[in-house]
Every structure is written in structure tokens, then in C-alpha cells.
């Protein structure tokens, strides 16, 4: 089974998305299951993980309801106010809502916080503990700046599952590698930290990227984290700023062409299914 571990839905006519600025104008429109379904069929993707886009419980409830009526959405990574002190109650409420059984994780836009150590705040740590107690995974939306706090958090909760979204957004367009690689290296040593091979095309030159430019970053992560902790994600429809769904899918297939069949099977499905505990 092929699993896309990271995509979104949204509708700017119904809600505000603070991260959508002028450069995101080409994707400032509605995207939902009807737009994604044919793309999955074209590429042979069987199941997906729908990931939050804004700090909103309303959105999480909507995503769960969508998942309840959309067979290919196998799981939802939602949002909860980790610092609010009511995380356990919120998660219980979400799980009781339509589609609540498909809640598989929580995420917050950590890289947008001014404080690089936001994850380490006591109130956030208490909230993360409740996420872990609920058996949910946590998506780390971070850059290199926040990786030390992410690693410290993962070490404090060794029984929790964490995944770094988008390889922590390396500066692919500039070709710089060293600072990012140095920050990622210790994270790979924590066995409960995984990495999504996603979001790369929008960190590259949108108009001129090639799969070969992605190769050093993919190989660096795969070499450190290993085939059992890396998973494919499209980051659709954000990826449309630089590439189509199939181009993103085929780019990773191209980069991994020389890997063992078992490695590709894990990256393109098995790891995501096990990490998010979805039925296969």
C-alpha cells in the first residue's frame, strides 16, 4: 500500500490562513477530496494523512468529518492548544466527533513562534504529555532553529512518536547543506523521531528545481534516520507552487531508484502506516 503521509485541504473563502501571503496567491483557492482523488489514482497512492493548516479546533473537526466520508483519508493530524491546559479534554471531544477514530496526531506551526524554545515551555510540555498519553503522534513543523528544542522534547518523551515535517525545511534553493545537516544529525539518534520526505520542491527554486537537487537532502536523511523512519509526503497543494502532485511523487521515485525494493516499499507506505497506526 502506498501512503501519502502529508497533504492538506483548505478553503480561503471560509477561513483565514495567515501563512498565505502574496507569493501563495496561485494556491489561494479551495482544495478538497474531489481535486485530490484523481491525482491519487494517477500515481497509485492508496491512502493519505490529512494534516492541519491553521491553529483551529474547528478545522480539525471539519477534517475529521471529511475523513469520515472519504475512504482514502486514513488519518488526520489535527490541532490542539497545547498551552491551554485542556488538551486531554479536547482530544476526548475530538475522538467522540464524527470521524474521531481517524485522529492520529497533533501539530502546531512551531516554526512561526518567536521563541525557538516554544516546545520546551512547561505548559506546552504538559500538553505534549497528554498527547502522548492519548496514544497520538506529534508532527514537528520546525526549521533548523527549532530542532534542538524538538530533540530535547523527543528525549523527554521516549514513548511518544515524533516526525519532522519537510526535513525541517532545508535551504535547497541556495544549495547550503552544512548547518541544516549538523542540526538534523542528533535528531536522527533519537529512535522515536522520524522524518517526512516532503515539502522539498517549495524549498528549492520553484521555477527551476530538478530531482537531482533534492538527492543530497534525501540521501542525508535516509542515511541517518534509516529506511524504517522515513516516509513520503506530497505536501499537496502547497507543492503546486513548484510542481504537480505526480512530479513530486516521481521526483522521489527517481531519487530512490537505486535503493532496495524493500526500502522503497517502506518509504512509500509501510513506515507511514506503522507510525500513524492506520489499517493496511
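The values are calculated or read from the model by the stated rules, or taken from the named source; none is laboratory data. On a predicted model such as this, the values are computed, not experimentally measured, just so you know. Using ideal geometry, Cβ is built from the backbone for each residue, glycine included, and neighbour counts are taken over all protein chains shown.
On the basis of being more than 24 Å from residue 195 (Cα to Cα), touching a strand residue (DSSP E or B) at 6+ places or on another chain (Cβ under 7 Å) and surrounded by fewer than 17 Cβ atoms within 10 Å (Cβ to Cβ), does residue 14 make the cut? Against the criterion (more than 24 Å from residue 195 (Cα to Cα), touching a strand residue (DSSP E or B) at 6+ places or on another chain (Cβ under 7 Å) and surrounded by fewer than 17 Cβ atoms within 10 Å (Cβ to Cβ)), residue 14 does not qualify. Looking for something more than 19 Å from residue 245 (Cα to Cα), more than 18 Å from the chain's Cα centre (by Cα) and modelled with pLDDT under 95 - is there at least one such residue anywhere in region 65-75? No, region 65-75 contains no residue that is more than 19 Å from residue 245 (Cα to Cα), more than 18 Å from the chain's Cα centre (by Cα) and modelled with pLDDT under 95. Based on this model, can you work out whether residue 221 counts as crowded, with 21+ Cβ neighbours inside 10 Å and assigned to a helix (DSSP H, G or I)? Considered against the rule, which asks whether it is crowded, with 21+ Cβ neighbours inside 10 Å and assigned to a helix (DSSP H, G or I), residue 221 comes out as yes.
Given the structure, is residue 228 under 19 Å from the mean Cα position of the chain (by Cα), touching a residue at least 24 places away in the same chain (Cβ under 8 Å), part of a loop (DSSP other than H, G, I, E, B) and surrounded by fewer than 16 Cβ atoms within 10 Å (Cβ to Cβ)?
yes
Yes/no per residue for (1) outside any helix (DSSP H, G or I); (2) touching a helix residue (DSSP H, G or I) at 6+ places or on another chain (Cβ under 8 Å); (3) closer than 28 Å to residue 261 by Cα:
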residue	(1), (2), (3)
14	yes, no, no
19	yes, yes, no
24	no, yes, no
35	no, no, no
39	no, yes, yes
42	no, yes, yes
60	no, yes, no
84	yes, yes, no
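When each of 201, 163 is tested for being in contact (Cβ under 8 Å) with a residue 12 or more places away in the chain and more than 21 Å from residue 27 (Cβ to Cβ), the lone residue that passes is 163.
In a residue-by-residue description of region 77-88, the property of being within 16 Å of the chain's Cα centre (by Cα) and closer than 25 Å to residue 218 by Cα applies to at least one position. Residue 267 meets all of the listed conditions (1) touching a residue at least 60 places away in the same chain (Cβ under 8 Å); (2) within 25 Å of residue 157 (Cα to Cα); (3) surrounded by fewer than 18 Cβ atoms within 10 Å (Cβ to Cβ) but one, namely (3). Is it true that residue 73 is surrounded by fewer than 19 Cβ atoms within 10 Å (Cβ to Cβ), closer than 26 Å to residue 273 by Cβ and in contact (Cβ under 8 Å) with a residue 40 or more places away in the chain? Spelling it out, it is not the case that residue 73 is surrounded by fewer than 19 Cβ atoms within 10 Å (Cβ to Cβ), closer than 26 Å to residue 273 by Cβ and in contact (Cβ under 8 Å) with a residue 40 or more places away in the chain. Checking each residue in region 245-261 for being in a helix (DSSP H, G or I) and in contact with a helix residue (DSSP H, G or I) (Cβ under 9 Å, 6 or more places away or on another chain) picks out 245, 246, 247, 248, 249, 250, 251, 252, 253, 254, 255. Could you list, in sequence order, the residues of region 44-58 that are touching a helix residue (DSSP H, G or I) at 6+ places or on another chain (Cβ under 9 Å) and closer than 16 Å to residue 6 by Cβ? Result: 45, 46, 47, 48, 49, 50, 51, 52, 53.
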